[in-house]
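So the structure is just underneath, and the comments pick up after that.
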Amino acid sequence: MDFFSTSKTIGILGGGQLGKMLLYSTRKWDINTHVLDPSDDAPARIACNKFIKGDLMDYQTVYDFGKNLDLITIEIENVNIQALEQLEKEGVKVYPQPYVLKNIQNKCLQKRFYNQNKLPTAHYEEFTRIDEVKDAVAKGKLSFPFVWKSASMGYDGYGVKIVRSNKELETLLDGACLIEEMVNFTHELAVIICRRAQGETVNYPVVESEFHPTSNQVEYVLCPARIDKKHADRAIEIATKVSEAYGHIGLLAVELFLTPEGEVLINEVAPRPHNSGHFSIEASYTCQFEQHLRAILNLPLGKTDSKSAGVMVNLVGSEGHTGAVHYKNIDQILAIDGVIPHIYGKKETRPNRKMGHVTIIHSEIETARKIAEQVKQTLSIISK
Ligand code: ADP
């Protein structure tokens, strides 16, 4: 299928920042795109050829969006799978495939998949209601601390909570969930694997994520991860096995824990461009968005080596600020060598809302990390 300068069109479900950055690559290659998103202010709106406003979870909306397209991809997992299955039956290519999305949308199904495929992950138990969890605690079958994960619709840490007491147990949402043992990890790692329709795969170097202590959101991503080669090799080996087991087409971001004993456990996966791959826009020979496009168009995959070390800093809305966004001191960080801000184009800021990111490139990872901290301290996302 030739998408270059033809009338063929790719549809993207979701118009957030990941969609917007994917469109930098479709624009570079002059590939026609349609985007579906529920928000009038979707960041991807400015870069697609046609924008359609609509509910990503609604069967008819997704079906109508897709029926005249040649290929559909996603930038968010929470989309209507039945519509995608129907479109696939009617000959529209859907990458990642609906069966992959169906499994990954639900954290319980995802965990079962790892166990069925003998892939290493933390022990867990499934529950259908929160009362059952409380009951298990009361009977001494579960003990604090443990990690609660909502089965569906969680993102950026909102569906995940470390539970240390009965008081915290009371704050959890009702519904299907899993309770996972708390992993004592030294590092949170991620590996992005990309698989082309023909089966060829490539992997990016292992990255390391540092989390904000209270919001539990990723604050920094460092490439390469500052870990021993043997642990990095193990992380790549496991991520590759997960990718083979899913048989997905396109990107798969595999989030992993590294324990003090050197064990590597899978946390979760995302079958799309991912925050842990943003460094690749400036630091890699092939950025993750172009790589995803190459894979879903069944084109040769690009080199994944880094041109330099890279650190990504997430820019989130400051506490106490809600309203029209202002990027305070952005001129100061632009004066530093190797500092590249990305502004997502969301008009309103809220505490902890992802508003942009900054990449720092430098030949030395430790220096890049220091500059990242300086960026974090200098730049703030506020409302005036
Ligand atoms: P989300 O889908 O919201 O990204 P994750 O499953 O990635 O949620 O969990 C968010 C964060 O919570 C992880 O990055 C990690 O810091 C922490 N976490 C998740 N599972 C565990 C666990 N079993 N043990 C310890 N910490 C965990």
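The values are calculated or read from the model by the stated rules, or taken from the named source; none is laboratory data. These numbers come from a predicted model, not from an experiment. Here the Cβ positions follow ideal geometry from the backbone for every residue, glycine too, while neighbour counts run over all protein chains shown. When the accessible area is computed, the model is the full protein with side chains, heavy atoms only, and any ligands, DNA or RNA have been set aside. Shrake-Rupley method; radii C 1.70, N 1.55, O 1.52, S 1.80 Å.
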Area projected by the alpha carbon convex hull of the stretch 153-211, averaged over all directions, nm²: 6.6 nm²
Express the relative contact order of the chain as a whole percentage, based on alpha carbon pairs under 8 Å and six or more residues apart in sequence. 13 percent
Extension gain, residue 226 back to residue 158 (0.36 nm per residue minus Cα-Cα distance, nm): 21.7 nm
In Hz, Karplus ³J(HN,Hα) per residue of the stretch 4-19 (6.51, -1.76, 1.60; θ = phi - 60°; x = Gly, Pro): 7, 6, 10, 8, 6, 10, 9, x, 10, 8, x, x, x, 5, 5, x
Please list the non-local residues whose amide H lies under 5 Å from the amide H of residue 342, H modeled 1.01 Å from N, same-chain partners needing a gap of 5 or more. 357, 358, 359
Return one whole number: the accessible area per residue of the chain in Å², for a 1.4 Å probe. 44 Å²
How many angstrom separate the Cα center of the stretch 137-212 from the Cα center of the stretch 65-99? 27 Å
Work out the FRET efficiency for residue 216 and residue 5 from their Cβ-Cβ distance, taking R0 = 45 Å, and round it to the nearest 0.05. 0.50
Given the C-alpha atoms of the chain, compute the convex hull and give its volume per residue in Å³. 143 Å³
Can I get the semi-axes of the stretch 324-384's equivalent ellipsoid? Compute them from the C-alpha gyration tensor as square roots of 5 times the eigenvalues, in angstrom, largest first. 23, 11, 10
Across bins of 10 angstrom width beginning at 0, how are the C-alpha pair distances of the stretch 195-258 distributed, in whole percent? 19, 45, 30, 6, 0
For residue 78 and residue 50 in the same chain, what is the full-extension length gain: residue separation times 0.36 nm, less their Cα-Cα distance, in nm? 8.0 nm
Of all accessible heavy-atom area on the chain, the percent that carbon and sulfur account for (1.4 Å): 48 percent
Given a 1.4 Å probe and heavy atoms of the protein chains only, how would you sort 257, 51, 185, largest accessible area at the top? 185, 51, 257
I'd like the distance separating the alpha-carbon centroids of the stretch 347-383 and the stretch 290-343, in whole Å. 9 Å
Using the Kirkwood formula over every pair of different C-alpha atoms, what hydrodynamic radius in Å results for the stretch 116-245? 16.9 Å
At 222 nm, what helix-only mean residue ellipticity would the chain give, in deg cm²/dmol to the nearest 500, using -39500 (n - 2.57) for each DSSP H run of four or more? -8000 deg cm²/dmol
Among 103, 275, 184, whose mean-square fluctuation peaks in a Gaussian network model of the chain (Cα, cutoff 10 Å)? 184
Over all alpha-carbon pairs in the stretch 1-160, figure out the percentage whose distance exceeds 27 Å. 37 percent
